[in-house]
Amino acid sequence: MIKTVFAMALAALLLLASLGPALSEGNWRKGKYLYRKNCRTCHSAKGPAKDLSPSTYKQAKWAELFNQNKIPCKPKWPKITDKDLADIYAYLHGHAADSPSPAKCK
Amino acid sequence: MNYLNKGARLVLAALLVLALALPVMAGEAPAFKQYPNLVDAAEVKLVADGKVKGVIIDARPYKLKYLKGHIPGSISLPTSQFDKVAASKLPKDKDTLLVFYCGGLKCALSHKGAFKAHAMGYKRIQVYAKGYPDWKKHYGAGPSGPERAATPFKQFPVQVDAAAVKDVVTGKTVGLVIDSRPYMKKYAKGHIPGALSLPTSAFNKMKGLLPADKNALVIFYCGGLHCALSHKAAFKARALGYANVKVYPAGYPDWKKVYGAGAAAAMAPAKAKTAAKRSLKAGKEEGSLDLVVFEEIIKTKPEAIYLVDVRDPHEYKAGHFKSSVNIPTDDLEKKLASLPSDKPVVFTCSTGARSGEAYYMLQDQRPELKEVYYLDAEITFDDKGGYKITPPK
């Protein structure tokens, strides 16, 4: 039991550390627009890629995707600055399924 | 033996040269049918400079000759390829002036090409018989390399120069400058300050960005004299009913030469100005409006702001600010041009999420609007027209 709690705490700590300042300081409102502009062009109900909303994933999944560079479509992106990416992350992570205010794009 | 042989060869060579040159020297009339309408270098120069509208056609072989140097702005249409490609290369308008040239007085290609064009129905054809050698003598060697405008395009008739565009940029003339080039490849790397990005490739999709007022001055530009995008866009805008459309044909290369490179896509400078010029008291979040100020305006002078409710129509129907118009965020992008520039634009929704997004959309797409705000608050309406604004926690 103690072991599990410890492992979870460690995981959370690692996660927080890996977020770094860049990703945790995004402007989520701006990110909401940038997500619409840069991502929803494909990731929407009628788009060529999977319909993605912040609430599609839990926070941990968004953190994993963004921090460990696991986003498969990244090579196809238009140029997105690190600052814009931080804003987009702030929106997705901040409104994930397990956040206080999950958000779903229409 | 050897010596004599060499001498004999020389004589033979000289005779041969003479024999070849004789027909030309004899009558000065080349051994081919001349096109009757000939022009000289000065007249061709007028076309090359754009002072006379027309298309200059290089009738020589493409690789061997055209690529090594040609009259500036001329298109390549080797006479050997004429029947195959003329229809796609020559302008559709049969009244367009065509000027053919090739390698000089002894070259028949330009005349042949001219006759063929005549047979196709072109009415204004000229041949610059002295051709490229003569051009070089007058104006020096022309550009080498592939043609820059493979297909001559239809020029929009109303054109302006850099100074006229500058007047719009500085606000001396009221109007909108539109960049017709691709966004990522061109606009993002530098554009005329305040210009709106409306790539011609996406014109039909994004035409909502054009001003609501059909009499507004709209100036299109792109990558210079060889770029057709601004002309195409201008024709499209005119077809939509815009009465005051112009093209700045020299485009961005010319602007850079006259006024230096413009802003890159990062809207940093525009933003800095935004902060300085805003007249209404700001809220805590970037771009937000102070709630007390907002309620004061709503109660006493609602006409002072352009209030946009970005919620969905069914939410709007259930209750809204009396002075507001309803433009859901999903439609906003198409209607950006309808937002006025003469009073502050204020976005509201139910929590400050969608309205905040709308604020950033304007920052990105209509950075020339300085007075844009959103309400960072929870807003609820009752069915009697009342409302409640709760500050964010």
* Asked: What are the residues in the stretch B:317-342 that are open to solvent by 40 Å² or more (accessible area, probe 1.4 Å) and away from every other protein chain (no Cβ under 14 Å), if any?
  -> B:Lys317, B:Ala318, B:His320, B:Lys322, B:Ser323, B:Val325, B:Asn326, B:Lys335, B:Ser338, B:Ser341, B:Asp342
* Output the qualifying pairs, or none if there are none: Cβ atoms under 9 angstrom, residues six or more apart or on different chains, first residue in the stretch A:79-92 and more than 23 Å from A:Ala60 (Cβ to Cβ), second residue part of a helix (DSSP H, G or I). => A:Lys79/B:Ala188; A:Lys83/A:Ala22
* Asked: Can you tell me how many residues in the stretch B:194-235 are touching a strand residue (DSSP E or B) at 6+ places or on another chain (Cβ under 8 Å), hydroxyl-bearing (Ser, Thr, Tyr) and surrounded by fewer than 18 Cβ atoms within 10 Å (Cβ to Cβ)?
  -> 0
* To do: Tally the residues that are outside any loop (DSSP other than H, G, I, E, B) and of a type in the set (S, T, N, Q), restricting the search to the stretch A:80-106.
  => 0
* Here is a list of conditions, (1) touching a Ser or Thr at 6+ places or on another chain (Cβ under 8 Å); (2) open to solvent by less than 40 Å² (accessible area, probe 1.4 Å); (3) hydroxyl-bearing (Ser, Thr, Tyr); (4) outside any loop (DSSP other than H, G, I, E, B), and B:Tyr122 meets all of them except one; can you say which number that is? -> (4)
* Candidate set: the stretch B:343-364, residues that are open to solvent by 10 Å² or more (accessible area, probe 1.4 Å) and away from chain A (no Cβ under 11 Å); chosen: the one farthest from B:Leu307 (Cα to Cα) -> B:Ser350
* Structure fact -> In the stretch B:81-119, anything of a type outside the set (S, T, N, Q), closer than 25 Å to B:Pro157 by Cβ and in a loop (DSSP other than H, G, I, E, B) is listed as B:Leu90, B:Pro91, B:Lys92, B:Asp93, B:Lys94, B:Asp95, B:Leu97
* For A:Lys37, which of the numbered conditions (1) at pLDDT below 85; (2) open to solvent by 50 Å² or more (accessible area, probe 1.4 Å); (3) not hydroxyl-bearing (Ser, Thr, Tyr) fails to hold? -> (1)
* B:Tyr128 vs. criteria among the hydroxyl-bearing types (Ser, Thr, Tyr), within 23 Å of B:Trp255 (Cα to Cα) and open to solvent by less than 80 Å² (accessible area, probe 1.4 Å) -> no
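Every residue, every condition in (1) more than 22 Å from B:His191 (Cβ to Cβ); (2) in contact with a strand residue (DSSP E or B) (Cβ under 8 Å, 6 or more places away or on another chain); (3) not assigned by TED's automatic domain parsing to the domain that holds B:Asn204, yes or no:
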| residue | (1), (2), (3) |
| --- | --- |
| B:Asp342 | yes, no, yes |
| B:Val346 | yes, yes, yes |
| B:Cys349 | yes, yes, yes |
| B:Ala358 | yes, yes, yes |
| B:Pro367 | no, no, yes |
| B:Tyr373 | yes, yes, yes |
| B:Phe381 | yes, yes, yes |
* Structure fact -> Residue count, the stretch B:366-385, condition free of Cβ contacts under 8 Å to residues at least 60 places away in the same chain and open to solvent by less than 50 Å² (accessible area, probe 1.4 Å), comes to 2
* Within the stretch A:46-68, can one find any residue that is assigned to a loop (DSSP other than H, G, I, E, B), surrounded by 17 or more Cβ atoms within 10 Å (Cβ to Cβ), touching a residue at least 60 places away in the same chain (Cβ under 8 Å) and touching a Leu at 6+ places or on another chain (Cβ under 9 Å)? -> no
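Please go through the stretch B:178-190 and pick out each residue that is surrounded by 21 or more Cβ atoms within 10 Å (Cβ to Cβ) and at pLDDT below 90.
Restricting attention to the stretch B:178-190, the residues satisfying the condition of being surrounded by 21 or more Cβ atoms within 10 Å (Cβ to Cβ) are B:178-181, B:187.
Result: B:Tyr187, single match.
The values are calculated or read from the model by the stated rules, or taken from the named source; none is laboratory data. Every value quoted in this text rests on a predicted model; they were computed, and no experiment measured them. Glycine gets a Cβ as well: all are built from the backbone with ideal geometry, and neighbour counts include every protein chain shown. Surface areas here come from the heavy atoms of the whole protein model, side chains and all, with no ligands, DNA or RNA. Shrake-Rupley method; radii C 1.70, N 1.55, O 1.52, S 1.80 Å.
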